[in-house]
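Heads up, the thing below is written out as C-alpha cells.
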C-alpha cells in the first residue's frame, strides 16, 4: 500500500516512447529539428526520476528514412537508459521505418518480413505488431499477421497482454491523418475480442491522445521529435518543435494508468519539500487530513 492513498505500487511499469524520427549522421529533421536533443532530455529525466521499469516500448518511426545509422543512434541512446532501469527494450515498426534495416540494426536479424515479436516479463506479455505497409504510410494488418496474433492470444498470460503497434486504432482530430490511419480496423477488433489484452500502445499521431478500441484502453504517446498541433488539425497539419513527451504506463492488478511526461524539465513555481513529505509519511491518516487535505482560510 502506498504511504499516501489507497493504491499499492504498480505491478508493472512501462516507458512508452514513440516517433524519434532520427536521421543518419545527426542530421536535423526538416533542417532545423534536433531530434537527438529532445530524446536525450527525456531519457535523462527518466533515469533521474524513475528507479526501475520493466520495459521501454518504442512504438515506431524510429528512423525517419529507414537509414541504418539512424537506428544505431537511437539504440545507443535508449539502451543505456534501459540498462540503468533494468528494463527490456521492445522496438515496434512504424511507417517511416524499413524492415531490413530495422531488423538488422535493432534485433540483429536478417528479415524483410513483418516485424512481429512477443516478450514476456514476469508473466506480463508484450506483443509488438507490425502495422506498416511497405512503400506506404497508412497501416494495415494482413491475414497472416492477424492469424499470428490470434495464435499468440489464444492462451492468456498470467498478468495479461500489452499490445503495441504504430498506427492507433482511433480517430484523429487531425483530418489528414485519416489518409494514413490503420485500415480495416474491424478485423483487428474481431481478433482482440475476448482476449487478455489490457491496453494498446501506439504512436504515429505526434500528440498524446487516449480512447478505447474493442473495449480496450488505447494510449497514444506523443512524439519525441516534434508535435502535431491537434487544435489546428481540422483545417491543416501543423508540426511544432515543442511539447515533446513520452509516457509512463503503470499496470495494477485491475487497472492501467498512462501518464504523459514532458521531455524537457521546467522551472518549478510551487511544490513541497522532501522534508515536508517525509513528515506527512510519518503521520496518521487523520493527521495528514488536517495537515494537507483540510482547506485553510
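The values are calculated or read from the model by the stated rules, or taken from the named source; none is laboratory data. As the structure is a computational prediction, the values presented were derived from the model and not from experiment. Reconstructed Cβ throughout: ideal geometry from the backbone, glycine too, with neighbour counts over all protein chains shown.
Structure above, values below:
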read-out	value
Matching entry among 15, 78, 74 (being modelled with pLDDT of 95 or more and closer than 19 Å to residue 162 by Cα)	15
Residue match in the range 48-62 (condition: at negative phi, touching a strand residue (DSSP E or B) at 6+ places or on another chain (Cβ under 9 Å), part of a helix (DSSP H, G or I) and surrounded by 16 or more Cβ atoms within 10 Å (Cβ to Cβ))	no
Of the criteria (1) within 19 Å of the chain's Cα centre (by Cα); (2) more than 22 Å from residue 51 (Cβ to Cβ); (3) modelled with pLDDT of 95 or more; (4) surrounded by fewer than 22 Cβ atoms within 10 Å (Cβ to Cβ), which one residue 229 fails	(3)
Residue within the range 276-284 that is touching a residue at least 24 places away in the same chain (Cβ under 8 Å) and farther than 30 Å from residue 169 by Cβ present	yes
Filter result for the condition that a residue is in contact with a helix residue (DSSP H, G or I) (Cβ under 9 Å, 6 or more places away or on another chain) and part of a loop (DSSP other than H, G, I, E, B), over 137, 96	137
Considering residues of the range 251-260 that are touching a residue at least 60 places away in the same chain (Cβ under 8 Å) and surrounded by 18 or more Cβ atoms within 10 Å (Cβ to Cβ) only, the residue farthest from residue 64 (Cα to Cα)	251
Yes/no for residue 269 being at pLDDT below 95 and either closer than 29 Å to residue 74 by Cβ or surrounded by fewer than 16 Cβ atoms within 10 Å (Cβ to Cβ) (or both)	yes
Qualifying residue in the range 26-35 (condition: buried (at least 19 other Cβ atoms within 10 Å of the Cβ) and in a helix (DSSP H, G or I))	yes
Scope the range 112-123; condition farther than 20 Å from residue 203 by Cβ and in a strand (DSSP E or B); matching residues	120, 121
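This table checks each residue for (1) in a strand (DSSP E or B); (2) touching a residue at least 40 places away in the same chain (Cβ under 8 Å); (3) surrounded by fewer than 18 Cβ atoms within 10 Å (Cβ to Cβ).
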| residue | (1), (2), (3) |
| --- | --- |
| 199 | yes, yes, no |
| 212 | yes, no, yes |
| 224 | no, yes, no |
| 234 | no, yes, yes |
| 242 | no, no, yes |
| 247 | yes, yes, no |
